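The values are calculated or read from the model by the stated rules, or taken from the named source; none is laboratory data. Here the structure is a predicted model, which means the values were calculated and not measured. A quick note on method: Cβ atoms are made from the backbone with ideal geometry, for glycine too, and the neighbour counts reach across all protein chains shown.
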Amino acid sequence: MSRHLLVEEPGPLTTVQDEGRPGLAGIGVGRSGACDRASYRLANRLVGNRDGAAALEVTFGGLVLRAEADLEVVTTGARCPGAPHNAPTVLRAGEVLRLGVPETGLRTYLAVRGGVDVPPVLGSRSTDVLGHLGPAALTAGDRLRVGDARAAAPAVDVAAVAEPTGGALEVRVVPGPRRDWFAPDAWARLTSGSYGVGAESNRVGVRLEGEALRREREGELPSEGMVRGALQVPPSGQPVLFLADHPVTGGYPVIGYVVDEDVDRCSQLRPGQEVRLRERRT
Amino acid sequence: MRLRPSGTAAVLVECEDLDGVLATYAAVRAAVDGDLVPGAVDVVPAARTVLVVLDPRTSTPEEVGGALERLDVGTADAVDEEDADVLEVPVHYDGDDLADVAGILGCGPDDVVERHTNGLWTVAFCGFAPGFGYLTADEGTWDVPRRESPRTKVPRGSVALAGEFTGVYPRSSPGGWQLIGRTDLDVFDLDRDPPALLAPRRRVRFVVAS
């Protein structure tokens with residue numbers, strides 16, 4: 001039997017992701033990689049994969065896979081009805097795994113023991129939707145080879161982790177490099193009110209809708225480097241929170257950053273959901 | 001060194017001008033390669049800044065900032081002698097905006113070509129797309145406004161001008177730069193190591209394609 005997973009239905013958007021392409025931003029290649037790194041890493045640990053093994057990032061459920069051999073799989077992140085969650089299970093050859101639509105959260109990570117083995121591009125198997133690098137999003141009929149990125153079998157086979165919230169998400173922010181480009185009250189507005197998540201959000205960023213942040217300083221900002229978590233404010237005054245596929249450099253001022261460890265939870269925000277940004281107390 | 005806060009996973013270094021960026025990038029890159037900046041995973045030069053990205057699991061912005069402040073940027077040459085070999089980029093100067101650019105600069109199309117090919121350029125930084133370099137002229141400054149309405153599709157290999165920069169589109173994409181020509185040289189090739197010909201600090205000479 002061949003160690004493959006057959007994609008019967010890809011759902012709205014399923015991509016292959018790993019840790020991305022760190023170190024190449026100097027030549028205009030963004031890091032990309034799993035949006036919710038904590039859930040991705042947990043999935044690999046639960047099936048005993050080496051760090052950096054490629055997994056599937058399933059957006060809004062809908063993925064249907066058929067195992068062509070006995071394969072150990074797990075899902076983490078957004079819980080999809082119909083799939084075993086936070087605990088590995090063996091799919092028997094011929095068995096079908098069907099991921100329903102998650103009730104909370106947006107992105108589910110499906111890891112298979114051995115990792116998904118698609119050809120790496122610049123050292124990574126991640127799809128970068130902005131940089132157009134890496135494998136295409138999955139389509140029905142794709143056969144995914146399962147690789148050999150196995151580590152020792154894990155000591156833990158069930159993980160107790162908090163589910164993504166369906167209610168208001170509160171995350172911590174710290175000042176960004178261009179906070180002084182904004183009106184004196186902008187920071188207080190950003191960190192006291194709440195924002196809704198816009199429908200145009202994707203792996204590049206979460207569009208926040210709420211009180212506009214007024215700029216005090218006019219003129220163009222020469223492009224500068226960005227990292228995920230940046231709250232970039234275009235002329236509309238509505239911030240965009242950058243996720244994994246954010247542009248390497250950007251030309252709009254960054255008023256603040258969501259602290260790195262909270263960005264994972266931001267990547268589980270769904271359109272319409274509420275997010276509260278609060279200044280980190282040190 | 002002027003540092004600005006950039007969240008918990010990066011430190012932004014502010015520079016006076018592009019020359020300052022090139023010198024700072026050289027110094028920071030060498031320090032990172034020499035393991036003098038613990039936790040640094042990426043160095044991103046841009047128009048007036050150099051961003052140092054760190055792994056928040058292994059270091060903090062304060063630690064990286066401290067290491068950066070100990071660097072002596074003054075002694076670093078903007079262009080590494082080892083990198084100083086000049087890349088020749090052959091260009092067919094038949095771009096759709098060549099006449100417009102000549103009009104903006106108050107000269108003829110031939111003068112634009114002569115100016116573009118006369119003298120060296122240096123890749124100051126990359127961005128916009130994988131392998132897209134922002135090249136700045138070693139002598140004499142350019143100042144060409146972007147097109148008022150960007151094109152939805154600029155063909156791959158287009159050689160273009162905007163602001164003080166020239167660049168080569170590594171693949172077909174939307175774009176607002178003024179197109180003066182095209183090259184057959186593949187400036188970004190995933191099957192080549194390194195994939196980007198126009199990496200920061202690379203010296204370039206444009207020549208008229210035969």
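For the reader, a short list of remarks on this structure follows.
- Taken as a whole, the condition of being over 22 Å from the mean Cα position of the chain (by Cα) and modelled with pLDDT of 95 or more applies to residue B:108.
Listed here are the residues, each with its yes/no results for (1) more than 25 Å from residue B:195 (Cα to Cα); (2) of a type in the set (Gly, Ala, Ser); (3) modelled with pLDDT of 95 or more.
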residue: B:75; (1), (2), (3): yes, no, no
residue: B:91; (1), (2), (3): no, no, yes
residue: B:94; (1), (2), (3): yes, no, yes
residue: B:140; (1), (2), (3): yes, yes, no
residue: B:145; (1), (2), (3): yes, no, no
residue: B:170; (1), (2), (3): no, no, yes
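- Residues being loosely packed, with under 14 Cβ neighbours inside 10 Å, hydrophobic (A, V, I, L, M, F, W, C) and part of a loop (DSSP other than H, G, I, E, B) - total across segment A:94-118: 1
- Selected residue (criterion: surrounded by the most Cβ atoms within 10 Å (Cβ to Cβ)) from residues of segment A:221-236 that are in a strand (DSSP E or B) and at the interface with chain B (Cβ under 8 Å from one of its Cβ atoms): A:230
- Among residues of segment A:31-68, those that are farther than 17 Å from residue A:149 by Cα and either part of a strand (DSSP E or B) or out of contact with any helix residue (DSSP H, G or I) (no Cβ under 9 Å at 6 or more places or on another chain) (or both), counted: 13
- Annotation: residue B:11 fulfils all but one of (1) over 29 Å from residue B:146 (Cβ atoms); (2) within 12 Å of chain A (Cβ to nearest Cβ); (3) out of contact with any Pro (no Cβ under 8 Å at 6 or more places or on another chain); the unmet one is (3).
- Only residues that are in contact (Cβ under 8 Å) with a residue 40 or more places away in the chain, among the aromatic types (Phe, Trp, Tyr) and more than 18 Å from residue A:279 (Cα to Cα) were counted in segment A:237-266, giving 0.
- Members of segment B:170-185 found to be within 14 Å of another protein chain (Cβ to nearest Cβ) and either more than 9 Å from residue B:158 (Cβ to Cβ) or surrounded by fewer than 16 Cβ atoms within 10 Å (Cβ to Cβ) (or both), listed by number: B:170, B:171, B:172, B:173, B:174, B:176
- Counted as qualifying within segment B:55-170 are the helices (runs of 4 or more DSSP H) with 1 or more residues that are farther than 21 Å from residue B:182 by Cβ, namely B:61-69.
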